[in-house]
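Working notes, beginning with the structure itself.
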4 protein chains.
Amino acid sequence: MPTSFLGSALRGTFFFIFGLWWSVRYPLKYLRQKGNAESRPSHGAQRVEIFEGAVKAFFALAGILVEQFVPAGPHLQLYSTKTHGWTDLAHWHYTTMYLFFLLSGIGDIVSHCRLKLPLGLDRLSLSVALFTEGLLFCFYDYGDALLDHHLHSLLAMAVFSGAFCALLEVFLRDHIILETFRTSSFLLQGSWFWQIGFVLSPPWGGPGWDQTDRSNFTFLTMCFCWHYVGTLAVLAANSAASRCCNESCQLRFQDVDVELDCGICRRGNKSSNSALLPESTLDDK
Amino acid sequence: MPTSFLGSALRGTFFFIFGLWWSVRYPLKYLRQKGNAESRPSHGAQRVEIFEGAVKAFFALAGILVEQFVPAGPHLQLYSTKTHGWTDLAHWHYTTMYLFFLLSGIGDIVSHCRLKLPLGLDRLSLSVALFTEGLLFCFYDYGDALLDHHLHSLLAMAVFSGAFCALLEVFLRDHIILETFRTSSFLLQGSWFWQIGFVLSPPWGGPGWDQTDRSNFTFLTMCFCWHYVGTLAVLAANSAASRCCNESCQLRFQDVDVELDCGICRRGNKSSNSALLPESTLDDK
Amino acid sequence: MPTSFLGSALRGTFFFIFGLWWSVRYPLKYLRQKGNAESRPSHGAQRVEIFEGAVKAFFALAGILVEQFVPAGPHLQLYSTKTHGWTDLAHWHYTTMYLFFLLSGIGDIVSHCRLKLPLGLDRLSLSVALFTEGLLFCFYDYGDALLDHHLHSLLAMAVFSGAFCALLEVFLRDHIILETFRTSSFLLQGSWFWQIGFVLSPPWGGPGWDQTDRSNFTFLTMCFCWHYVGTLAVLAANSAASRCCNESCQLRFQDVDVELDCGICRRGNKSSNSALLPESTLDDK
Amino acid sequence: MPTSFLGSALRGTFFFIFGLWWSVRYPLKYLRQKGNAESRPSHGAQRVEIFEGAVKAFFALAGILVEQFVPAGPHLQLYSTKTHGWTDLAHWHYTTMYLFFLLSGIGDIVSHCRLKLPLGLDRLSLSVALFTEGLLFCFYDYGDALLDHHLHSLLAMAVFSGAFCALLEVFLRDHIILETFRTSSFLLQGSWFWQIGFVLSPPWGGPGWDQTDRSNFTFLTMCFCWHYVGTLAVLAANSAASRCCNESCQLRFQDVDVELDCGICRRGNKSSNSALLPESTLDDK
């Protein structure tokens, strides 16, 4: 598959940004839900989902435009009557991939709007987008480029595990373990797209790695695993950060509450609010 | 696989009609269920299921007859003693495929009759029919016809995803997401059968596409994805149409109710019905 | 795989008998459960399970003995020091297969005894036996015998679908749909073993079918599907028969009840039993 | 894959010890839970989980150090500038495998500490470790070493079945059947690593088995099944032993209780404890 480093980096960034965003969002959601038990999906959560869908659709649209209108791109021309052959199928290939994420983004927006579509449609559309992406990479004709094929097979692993996870979420919604796993699969996909760019078309020029050296295959398999270790490290760091942030927020809010309460207390000595005050502030008086 | 355009179009139409019918039926069912909460499967719904089964069985029977008694068909002859070989295995292949849909249709009819068979048997028989269809396409010997093999591999994807979905429905009955997905897989299968017909035996004659040109493979993989986009568009349009239709129906019925109620009101001034009247009609008086 | 017709027929009979037994037992169990709602697994049902396990273990033991001590068998010798090679691996192969069914039989007996092992262990042991059987057929080295490989690949389909079904039953116990499907997979396996015998080593002698004729492959794939149609027919016939039998039994029992009740009524005119009598018998008086 | 017997034995021992430990722990847990109905995971159980995680992490760390700093190992050097090639990829391969078990161990410790991470994270981390292990063995480039490939394919079966089981446990926690199956898959993996060592690099020296003799393939497939039979035997024996041990413990404790109670009774004639005494001890007085 003829790959440019920039195209690969663009795809990687798309998935990585989503992974990063989820790696902060889901732990925070989980911590808040644990705080106030059995809270229903709020109005705010729905607005976040719509915003997410809009960003996804925008990114996907940008990706389609870049793939089509880059100088070497097909400029929406599919069949060349001059050469009697298909033009730039690799660009069309990625256009198709982005198209499904565009649909998934639109699906997100529509299913969280006031239309009240059946819950789970957003996860299904994400799952379909990922399965299609995996299908495209599996059925692509790599020809002799065995290393290319190997790299995209590993990518397909990450893609399919994410797709399978999103499919499970249709039935098991808001399951923190599944959300964490999906996040990790997106981060892995993102970083692996970067790796593909470095291997097949290094940014410093040159022909890419040797497609025939078998030890490269074994190394890249391991490298894929190390990427996942890195992914898990990012996930753990962001979860810990969001935990700390959440606790310090609550603490600060509590302080604000205490100060507010105290001010109220000082003014009106026996206000009805005092029942809600923590013991310490009552002792202060 | 020796394919005629007409045979392929027939198969495509069979699946597409079912997909279209479901794309209207399931959204309507969902909207009605949402309206009157927790309604049990009514007598009417069962009659629809029986009707569906009868149509399926009729189509399948027609398919079997066409495959067997078309001029080039085997006319129920399996083994030719003249050539000491099997006759027209491709026709027998499709006959077998239709046979399982015939059984599925009979299964639908029987399981919704007064026999009170265990619920879920209709979905199981559909799932078995689809799995068998996929198996037939996977184990077929395509020989050198690589493009033929590629086209039917993609078809098998659509078939197996539908089969898997129907299998899940045995356990998760009346799940709108699963029903929608099954509908989309039928629509995709239908339109892909048409595509197969156009590629392997174009209706305007000629030898079909080049089986050795590798770029055709990549293009057709993408084409499969675009078919699915088209499928989703059809699905969305039909859902929206059935939603509008459902709302306008309810509105009209409400109008009729109001008129009827008003007529009653005018005649008997303080009828016991007035408690059921909407506020507006009461204000009218 | 060097196959004798008798060995193949023996295996087929083993699976077919179990399928036949289940095709009568499960419909009857279902009908009785529907009659008296939410009945717990009775003492009688457990005795049936133990009996089933014992028969399975006995059949498997017989199979092992036949495979080992048939004139051409290995007589428990695994390695021949004379030829410096393994002896009769095909016989050992089937011995291993039977061994797991022996273990499954013992598992059935043990888990329904008074030991009170965790429920579901019997289904797990059956699933393990089937998965192992499938594994053995998948990893067997068929060499050039492509038709042999094709036949056993189809067999493995039946085996794995049964194994998967038994695995689901660990979690969804006493689900009539799953039990029916498992029954059908056993019947299919049984009849396919017979077919393998007829194809590879016909009972009337001769060399078996042509391993290189590709049309045989396509025909046998279809043939596998027709076997499944036959299987479903057997299943439907046995279910219908057990239904009729069950109803006539209940009718006869009811008659007996009525006669007994009437007798009681005639003797003591206002017995306390009369409340339990059907209307018709009360009208008789 | 260049394998040393000691490395293979080390890996085997790692998995086998875990299997053995679980084959005692889970039956005991099950028996205790059955005794006192619906007991919540106690503080003691959590300490056992943390201990298990620590041992797993320690073993994995030891494995990494051995793989890296064995005389023939890569000593943390990945790329040799002298030969312009990767150094000792097989050692790095196993290092990667151990790395994920190290992470799984840390995951166990962290998720059962006071941090209150979402339940199921420990099972997910184990599942990820096993899936990664399987992926590493599947994507490894075995070259011409077909027997090597066959042996590791069989190993991957055991690995993936364990991984799939651990994944199910994320959703179905504390399910005795799943725990038993996971235990058996670990025992099988452990004993199969030993077998691999014996086949590819026998401890008594020599070149290992013939990689081209096809009968070796069939024999080793069967051998894998026999290993599983041995595994099940170990499992059954340990379960029976832990059952006996549990019963004798309870009996002894009961005796101790009785004696203690009697002593109390003799001293204070009508103590409030007497209500808790069994009938027999009350009769004694």
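The values are calculated or read from the model by the stated rules, or taken from the named source; none is laboratory data. Note that the coordinates shown come from a computational prediction; the quantities given were computed from them, not determined experimentally. All Cβ positions, glycine included, derive from the backbone under ideal geometry; neighbour counts span all protein chains shown.
Is it true that B:ILE64 is under 29 Å from C:SER239 (Cβ atoms), at the interface with another protein chain (Cβ under 10 Å from one of its Cβ atoms) and among the hydrophobic types (A, V, I, L, M, F, W, C)?
Judged against the criteria, B:ILE64 is not a match.
Taking into account only those residues within region C:213-238 that are of a type in the set (Val, Ile, Thr) and more than 21 Å from the chain's Cα centre (by Cα), which is modelled with the lowest pLDDT? Give the steps one after another, and end with the answer.
Within region C:213-238, the first condition is being of a type in the set (Val, Ile, Thr), and the residues that meet it are C:218, C:221, C:229, C:231, C:234.
With the extra rule that they be more than 21 Å from the chain's Cα centre (by Cα), the set shrinks to C:218, C:221.
Values: C:THR218: 91, C:THR221: 95.
If we take residues in region C:213-238 being of a type in the set (Val, Ile, Thr) and more than 21 Å from the chain's Cα centre (by Cα), then C:THR218 is modelled with the lowest pLDDT.
Condition first: within 11 Å of chain A (Cβ to nearest Cβ) and either part of a helix (DSSP H, G or I) or in contact (Cβ under 8 Å) with a residue 40 or more places away in the chain (or both). Now tell me which residues in region B:165-177 satisfy that.
Matches in region B:165-177: B:CYS165, B:LEU168, B:PHE171, B:ILE176, B:ILE177.
Against the definition (over 20 Å from A:HIS175 (Cα atoms) and of a type in the set (Asp, Glu)), how does D:ASP141 come out, yes or no?
yes
Conditions tested, residue by residue: (1) out of contact with any strand residue (DSSP E or B) (no Cβ under 7 Å at 6 or more places or on another chain); (2) at pLDDT 90 or above; (3) under 27 Å from C:VAL229 (Cα atoms).
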{"site": "B:ALA9", "(1), (2), (3)": "yes, yes, yes"}
{"site": "B:VAL24", "(1), (2), (3)": "yes, yes, no"}
{"site": "B:GLY44", "(1), (2), (3)": "yes, no, no"}
{"site": "B:GLY73", "(1), (2), (3)": "yes, no, yes"}
{"site": "B:LYS82", "(1), (2), (3)": "yes, no, no"}
{"site": "B:TYR94", "(1), (2), (3)": "yes, yes, yes"}
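Checking the structure you have, find out if any residue of region A:144-154 is hydroxyl-bearing (Ser, Thr, Tyr), in contact (Cβ under 8 Å) with a residue 24 or more places away in the chain and away from chain B (no Cβ under 14 Å).
no
Quick one: B:ASP210 ticks every box in (1) modelled with pLDDT of 90 or more; (2) surrounded by fewer than 21 Cβ atoms within 10 Å (Cβ to Cβ) except a single one, so which number is it?
If we test B:ASP210 against (1) modelled with pLDDT of 90 or more; (2) surrounded by fewer than 21 Cβ atoms within 10 Å (Cβ to Cβ), just (1) comes out false.
Where the second residue is not in a helix (DSSP H, G or I) and the first is among the β-branched types (Val, Ile, Thr) and lies in region D:1-23, which pairs have Cβ atoms under 6 Å and are six or more apart or on separate chains?
D:THR3/D:SER201
Before we move on, is A:ASP88 farther than 26 Å from B:ASN216 by Cβ, more than 9 Å from chain B (Cβ to nearest Cβ) and out of contact with any strand residue (DSSP E or B) (no Cβ under 7 Å at 6 or more places or on another chain)?
No: the conditions fail for A:ASP88.
Taking D:TYR79, is it closer than 17 Å to A:CYS223 by Cβ and crowded, with 22+ Cβ neighbours inside 10 Å?
no
Here are the criteria: (1) of a type outside the set (Ser, Thr, Tyr); (2) surrounded by 11 or more Cβ atoms within 10 Å (Cβ to Cβ); (3) modelled with pLDDT under 50. Tell me which single one C:ILE264 does not satisfy.
The failed condition is (3).
Among the residues of region B:178-207, how many are surrounded by fewer than 20 Cβ atoms within 10 Å (Cβ to Cβ) and without any contact (Cβ under 8 Å) to a residue 24 or more places away in the chain?
4
State whether the residues of region A:100-112 include one that is more than 9 Å from chain B (Cβ to nearest Cβ), over 22 Å from B:PHE181 (Cβ atoms) and surrounded by 21 or more Cβ atoms within 10 Å (Cβ to Cβ).
no
Which residue out of D:LEU121, D:LEU136, D:LEU126 is surrounded by fewer than 22 Cβ atoms within 10 Å (Cβ to Cβ) and of a type outside the set (Asp, Glu)? Please lay out each step first, then the result.
Values: D:LEU136 fails: surrounded by fewer than 22 Cβ atoms within 10 Å (Cβ to Cβ); D:LEU126 fails: surrounded by fewer than 22 Cβ atoms within 10 Å (Cβ to Cβ).
The match here is D:LEU121.
What are the pairs, 6+ residues apart or on separate chains, where a residue within region C:208-219 that is at the interface with chain B (Cβ under 10 Å from one of its Cβ atoms) has its Cβ under 9 Å from a residue that is among the charged types (D, E, K, R) and exposed (fewer than 13 other Cβ atoms within 10 Å of the Cβ)?
From region C:208-219, the pairs are C:ASN216/C:ASP210.
Yes or no: B:LEU76 of a type in the set (A, V, I, L, M), in a loop (DSSP other than H, G, I, E, B) and free of Cβ contacts under 8 Å to residues at least 12 places away in the same chain?
yes
Consider only pairs whose beta carbons are under 6 Å apart and that are at least six residues apart or on different chains; among these, list those whose first residue lies in region A:228-239 and is assigned to a helix (DSSP H, G or I) and whose second residue is of a type in the set (Val, Ile, Thr).
Close Cβ pairs (under 6 Å, with a partner that is of a type in the set (Val, Ile, Thr)) amount to A:ASN238/A:VAL24.
Do the conditions hold for D:TRP86, that is, is it at pLDDT below 90, over 26 Å from D:ALA236 (Cβ atoms) and aromatic (Phe, Trp, Tyr)?
Numbers: at pLDDT below 90: yes; over 26 Å from D:ALA236 (Cβ atoms): yes; aromatic (Phe, Trp, Tyr): yes.
Criteria met by D:TRP86.
Tell me whether region D:87-97 contains one or more residues that are surrounded by fewer than 18 Cβ atoms within 10 Å (Cβ to Cβ), of a type outside the set (S, T, N, Q), more than 21 Å from the chain's Cα centre (by Cα) and not in a helix (DSSP H, G or I).
Within region D:87-97, none of the residues are surrounded by fewer than 18 Cβ atoms within 10 Å (Cβ to Cβ), of a type outside the set (S, T, N, Q), more than 21 Å from the chain's Cα centre (by Cα) and not in a helix (DSSP H, G or I).
Based on this model, can you work out whether D:GLU52 counts as away from chain A (no Cβ under 14 Å) and either among the aliphatic types (A, V, I, L, M) or part of a helix (DSSP H, G or I) (or both)?
So D:GLU52 passes the test.
Hey, among the residues in region A:113-134 that are assigned to a loop (DSSP other than H, G, I, E, B) and either more than 23 Å from B:ARG243 (Cβ to Cβ) or free of Cβ contacts under 8 Å to residues at least 12 places away in the same chain (or both), which one's nearest to the other protein chains (Cβ to nearest Cβ)?
Here the answer is A:PRO118.
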